[in-house]
1. Would you list which lysines come within 19 Å of Lys120, measuring only between C-alpha atoms, while excluding same-chain residues fewer than 8 positions from it?
2. Heavy atoms only, probe 1.4 angstrom, no DNA, RNA or ligands counted: give me Asp227, Asp9, Asp178 ranked by accessible area, highest first.
3. Amide H of Gly33 versus every other amide H placed in the peptide plane: which residues, excluding those fewer than 5 positions away on the same chain, fall under 5 Å?
4. Using the reciprocal of the averaged 1/r over all distinct C-alpha pairs, how large is the Kirkwood radius of region 152-195 in Å?
5. For the pair Asp83/Leu100, report the inter-label distance in nm, with labels modelled 7 Å from Cα in the Cβ direction.
6. Report the residue, chosen from Ala211, Ala165, Ala193, that carries the largest GNM mean-square fluctuation when the chain is represented by alpha-carbon nodes joined by springs under 10 Å.
7. At 7 Å along the Cα-to-beta-carbon direction for both Leu45 and Val113, put a label point, then send me their distance in nm to one decimal.
8. Using each residue's phi in region 222-234, evaluate 6.51 cos²θ - 1.76 cosθ + 1.60 at θ = phi - 60° and report the 3J(HN,Hα) Karplus result to the nearest Hz, with x for Gly and Pro.
Amino acid sequence: LAIIQELGDAIRERQLILHFQPKVNLASGAVVGFEALVRWQHPRLGLLGPGAFIPLAEVGDLMQGVTRNVIELALAQLRQWGDAGLPYTMAINLSPRNLLERDFVANFEHALVRSGADPKRVELELTETALMQDPEGAAKRLERIVELGVRISIDDFGTGYSSLAHLRRLPIHALKIDQLFVTEMATNAQDLAIVRSTIGLGRNLGLEVVAEGVETAQVMEMLGELDCDIAQGYVLSPPKPWPAISEWLAGDAKKWLKHEPR
Ligand code: C2E
Ligand code: MG
Ligand code: MG
């Protein structure tokens with residue numbers, strides 16, 4: 001209860017910050033964009049990860065405030081990249097309840113316009129659960145979001161309870177294969193089978209396929225051979241604040257490039 005109360009203050013006092021984790025194109029080795037992951041810079045407890053407060057925010061009805069802060073911070077950063085000539089995309093996570101909020105799309109559009117960020121570089125990540133709670137309402141809202149030029153990804157794909165019959169009617173651009181299947185795919189034959197089939201499914205539906213939780217160069221290489229589009233994971237970089245990611249871009253990021261940029 002104390003944490004829920006403090007979180008309300010944290011939202012108002014801007015203690016929530018973003019870390020960014022890179023996504024790399026497996027064919028070229030180039031960084032295509034980043035996922036924004038929220039952290040709470042708590043005055044007493046230090047840096048808290050989302051697992052420590054998002055579940056509380058969900059029960060305490062604070063997720064609207066958290067998401068509003070996250071969207072504002074992420075779009076401001078995206079605008080800065082654009083101004084600096086950096087062509088990266090920004091992926092923003094939504095909680096299932098966010099899409100059910102009556103005024104979500106209008107608020108989001110407002111934030112987007114106010115930020116001056118390029119909508120085509122914004123991706124919203126939603127889980128299967130979020131899309132299945134009110135399938136028709138979700139579909140209508142997604143259509144409106146997509147009309148703004150924004151892309152939609154299904155996060156943690158394979159761990160939820162969605163039906164393909166329903167998913168195929170939604171305006172989705174990408175599938176993110178959950179780390180549960182990816183992390184050990186080099187040694188676990190079942191995981192490998194799931195990853196291979198999911199890449200095939202995504203391909204056949206014309207979706208971009210992202211693998212999350214890539215922890216080794218071996219898995220990175222296997223994903224490239226399986227024709228997966230994009231990798232994200234600790235082997236590339238853990239999520240970090242932007243200054244640290246800038247350093248990573250100038251150094252370690254280059255070792256994944258398959259050919260020198262022209
Ligand atoms: P997610 O969206 O699936 O994000 C990926 C999570 O996997 C992140 O954890 C990331 O640090 C972690 N990860 C990345 N690479 C690896 C890897 O190679 N191995 C392993 N084992 N893990 C890896 P994080 O930042 O703790 O976030 C956890 C979850 O919290 C996110 O899962 C997302 O569902 C939620 N979350 C994070 N930020 C936000 C936010 O701004 N809004 C909302 N609604 N949810 C958020
Ligand atoms: Mg995500
Ligand atoms: Mg995920």
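1. Correct list for Lys120: Lys23, Lys176.
2. Numbers: Asp227 90, Asp9 65, Asp178 20 Å².
Largest accessible area first, the residues go Asp227, Asp9, Asp178.
3. Amide H neighbours of Gly33: Lys23, Thr89.
4. On the way: mean 1/r = 0.0880 Å⁻¹.
About 11.4 Å, per the Kirkwood formula over Cα pairs.
5. Inter-label distance under the simple model: 3.8 nm.
6. In this elastic network of the chain, the residue with the biggest mean-square fluctuation among Ala211, Ala165, Ala193 is Ala165.
7. 3.8
8. Once θ is set to phi - 60°, the couplings for region 222-234 become 4, 5, x, 5, 7, 6, 6, 7, 9, 10, 9, x, 4 Hz.
The values are calculated or read from the model by the stated rules, or taken from the named source; none is laboratory data. Just so it is clear, the model here is predicted, and its values are computed rather than measured. With ideal geometry, Cβ positions are generated from the backbone for all residues, glycine too; neighbour counts draw on all protein chains shown. Protein only, heavy atoms only, side chains kept; ligands, DNA and RNA dropped before computing areas. Shrake-Rupley method; radii C 1.70, N 1.55, O 1.52, S 1.80 Å.
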